[in-house]
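The values are calculated or read from the model by the stated rules, or taken from the named source; none is laboratory data. None of these values were measured; they are calculated from a predicted model. Positions of Cβ are generated from backbone atoms using ideal geometry, with glycine treated the same way; all protein chains shown enter the neighbour counts.
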Amino acid sequence: MKKIRMGMIGGGIGAFIGDAHRRASRICNDYELVGGVFDVDYEKSKLFAQNESISSDRCYVSVEALIKAESALPADKRMEVVSIVTPNALHFSFAKSLLGAGFNVVCEKPMTMTVKEAEELEKLVAEKKLTFALTHTYTGYPMIRQMKDLIAKGTLGTIQRIDAQYYQGWINSIIHGTGTRITGVWRLDPKHAGASSCMGDIGVHAFNLIEYTTGLEVKEVLSDLNPVKEGIELDLDGTVLLRFSKNLKGVIRASQVCGGEENNLTIAVYGSKASLKWAQEDPNFLYLLSDNEPTKIFKPAHGYNDQFAEASHTMPSGHPEGIYEALANIYKGAAKSIRGIEFTPGEFPTVHDGVRGMKFIHSVVDSNKAGNTWVKV
């Protein structure tokens, strides 16, 4: 099949997330980057396009210019999907404009700044019948998909406890540095990041993994958030208690100031018959624990895995896979949807996952502001 013609908003020279998206689209081998708006500085955007061998006439000065020019091209030439890899505050306006003009969208999380904006996008996606993929990247790991399948089959019995943790340390040195270093980090600025830093950036990943793997929805949250240092407007650390039902509770712990931690995302689901544990820094191992049997270890690229997980590995057994391959699985699922090919539910997070994420973030912030009280999601 011909490659899907892809555009990109943001992700220019030196951008980690933009580079990750481009690598993932190449790994799944379904896309060709043909143009975009790669930097707010048009000269830098043009230099990036030149470095990537992208035609200068498809390097646009603005999203409005991109939409106008691409819409005027024949159907077999124009972009089919546009990836949005900008700071949070720009996601909604760009996604709304692109969807309104008939372009499929891949978007970084969090999807928007507010719940209202998220619900507006969900409605627009349904009206336009377009593909919208939200890059909660960790759902692309084969062993997370195996975890989802095992839970759906009832392997754990009745779920009794859910724990998720996401610890990083990269902001620790920044907030204890100079003032100029602090203001240079957009994730600490509510105008660019939104209502939350820690929970909005990484806590929401833990939340998404919980709902993705278990198929359950969090009903209520009680949060205790911490900006850690005077002068910081947003949370950098926090704990969130979860209620799913009367007899099922859980917790999310997240922090950006755990010095020395890198990307310590873990999830554990405990059931009446057995339990499952997975860690992002060691993603090729899924542990099934039991009171009366030895611990079992699942790994990618083995026939004992369920069909969904088995179809998600990109390398032969024994060859480690990582974050790029996980993101590539999301791009692969989105490609099927764009092409009208049948795909397995869960192959890529949708606009609805974006709505759930925004409801989680704002419920957590509201709970903290209300004096650490229970708030409905």
Exercise. For segment 201-302, which strands (runs of 3 or more DSSP E) that fit wholly inside it have 3 or more residues that are touching a Phe, Trp or Tyr at 6+ places or on another chain (Cβ under 6 Å) and under 29 Å from G154 (Cα atoms)?
Worked result: 264-271
Exercise. Of the residues W186, W170, which is at pLDDT below 95, exposed (fewer than 15 other Cβ atoms within 10 Å of the Cβ) and among the hydrophobic types (A, V, I, L, M, F, W, C)?
Worked result: W186
Problem set entry | Conditions (1) farther than 28 Å from E281 by Cβ; (2) assigned by TED's automatic domain parsing to the domain that holds I202; (3) in contact with a helix residue (DSSP H, G or I) (Cβ under 6 Å, 6 or more places away or on another chain); number of the one not met by N292 | (3)
Seminar exercise, completed: Pairing a residue in segment 183-210 that is in contact (Cβ under 8 Å) with a residue 24 or more places away in the chain with any residue that is surrounded by fewer than 21 Cβ atoms within 10 Å (Cβ to Cβ) and among the hydrophobic types (A, V, I, L, M, F, W, C), where Cβ atoms lie under 6 Å and the two sit 6 or more apart in sequence or on different chains, gives H192/A89; H192/W186
Exercise. If you go through segment 238-246 one residue at a time, do you hit one that is surrounded by fewer than 21 Cβ atoms within 10 Å (Cβ to Cβ), of a type in the set (F, W, Y) and in contact with a strand residue (DSSP E or B) (Cβ under 8 Å, 6 or more places away or on another chain)?
Worked result: yes
Seminar exercise, completed: Selection over segment 114-134 where residues are of a type outside the set (A, V, I, L, M), in contact with a helix residue (DSSP H, G or I) (Cβ under 6 Å, 6 or more places away or on another chain) and outside any helix (DSSP H, G or I) yields a count of 2
Problem set entry | segment 105-130 residues that are without any contact (Cβ under 8 Å) to a residue 40 or more places away in the chain, paired with ones that are part of a loop (DSSP other than H, G, I, E, B) (beta carbon under 9 Å, 6 or more apart) | V105/L130; V105/T131; E120/T112; L124/L130; K128/G102; L130/G102; L130/F103
For this session: Give the number of residues within segment 71-108 that are surrounded by fewer than 24 Cβ atoms within 10 Å (Cβ to Cβ) and either more than 23 Å from the chain's Cα centre (by Cα) or farther than 23 Å from S197 by Cα (or both).
Result: 17
For this session: Search segment 330-344 for residues that are touching a residue at least 40 places away in the same chain (Cβ under 8 Å) and pair each with any residue that is part of a helix (DSSP H, G or I) and not hydrophobic (A, V, I, L, M, F, W, C) when their beta-carbon atoms are under 6 Å apart and the residues are at least 6 apart or on different chains.
Result: I330/G140; Y331/S25
Exercise. Do you know which of the residues in segment 322-350 that are touching a strand residue (DSSP E or B) at 6+ places or on another chain (Cβ under 8 Å) and of a type in the set (A, V, I, L, M, F, W, C) is surrounded by the fewest Cβ atoms within 10 Å (Cβ to Cβ)?
Worked result: I338
